[in-house]
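Comments concern the structure below.
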Amino acid sequence: DAKTTQPNSMESNEEEPVHLPCNHSTISGTDYIHWYRQLPSQGPEYVIHGLTSNVNNRMASLAIAEDRKSSTLILHRATLRDAAVYYCILSFGNEKLTFGTGTRLTIIP
Amino acid sequence: GAVVSQHPSRVICKSGTSVKIECRSLDFQATTMFWYRQFPKKSLMLMATSNEGSKATYEQGVEKDKFLINHASLTLSTLTVTSAHPEDSSFYICSASQPGVADTQYFGPGTRLTVL
């Protein structure tokens, strides 16, 4: 499995944008970049995914480096409900997901 | 987005009993479902991959006779923890893979198992 590296924790002020980085230098050409987040005592929630181009959805934006060795999840305006552990995971097709330790995001009111 | 449910959300049982957890994909058909376990303050650990109509594939170190998985239909997979012991107490989470180019997995809300 190609591995990802994320900071253990980050803090952001409420109502400000948040940029969560992820490094994946050994990504293969067919790997999709998936982001999930997990709130306490809940299952992970799908946030966004992409392959090569930047992606936007109602929850977030995903910026993918041109060489695909890194990506950034962007929350445009953080709220207290965005406090969670964010996981960046590479996968292809139906293969299993390998969860790392993720980034614990704290939102400061 | 796609919805995956789990039942029950919480269960407390006595040591030695068996517990069944259901995982359903509500608005899509999932040929593949996954079962994870999560201990407090730890990340998710994959236990097994369940394919509809065939035997589950277990990760190394997971006892297949203890954690029975049945994927009887394209919308239902079950995990049965047999002869549960206190060390089996954990948060069990399933996911279902939505067929498509990226095969995104959607997760259930999890089941908190406490074995007394």
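Brief remarks follow.
- By the count of neighbouring beta-carbon atoms within 10 Å, fewest first, B:Met33, A:Met10 end up ordered A:Met10, B:Met33.
- Convex hull volume per residue, computed on the Cα atoms of chain B, equals 101 Å³.
- Mean per-residue shielding of peptide B:104-111 is 5, counting Cβ atoms of other chains within 10 Å of each Cβ.
- For A:Ala78, nonlocal amide neighbours, meaning residues 5 or more places apart or on other chains whose placed amide H falls under 5 Å from its own, are A:Glu15, A:Glu16, A:Val18.
- Given charges at Cβ of Lys, Arg, Asp, Glu: the protein assembly as shown dipole, positive-most of A:Val18, A:Phe99, A:Pro7: A:Phe99
- Distance (nanometres) between label positions extended 7 Å along Cα→Cβ at A:Glu16 and A:Asn54: 2.1
- As a rough footprinting exposure proxy, the listed residues A:Thr79, B:Thr32 were ranked by other beta carbons within 10 Å of their own, and the order from fewest upward is A:Thr79, B:Thr32.
- Residue order for A:Leu73, B:Leu46, A:Leu51, fewest other beta carbons within 10 angstrom first, comes to A:Leu51, B:Leu46, A:Leu73.
- Dipole-positive endmost among B:His71, B:Pro109, B:Ser89 within chain B (Cβ charges, Cα centre): B:Ser89
- Counting Cβ atoms of other protein chains within 10 Å of each Cβ in A:48-55 and taking the mean gives 1.
- Segment B:Gln29..B:Lys66, full-extension length gain: 10.6 nm, with 0.36 nm per residue of separation and the alpha-carbon distance subtracted.
- Here the stretch B:12-83 and the stretch B:89-116 have alpha carbon centers that stand 8 Å from each other.
- Taking amide hydrogens as placed 1.01 Å from N in the peptide plane, the amide H of A:Gly43 sits under 5 Å from those of B:Gly110, each at least 5 positions away in sequence or on another chain.
Bear in mind that the values in this text are calculations on the coordinates, not laboratory data. Everything quoted here is computed from the prediction, not taken from an experiment. All Cβ positions, even for glycine, are placed from backbone atoms using ideal geometry, and neighbour counts span all protein chains on display.
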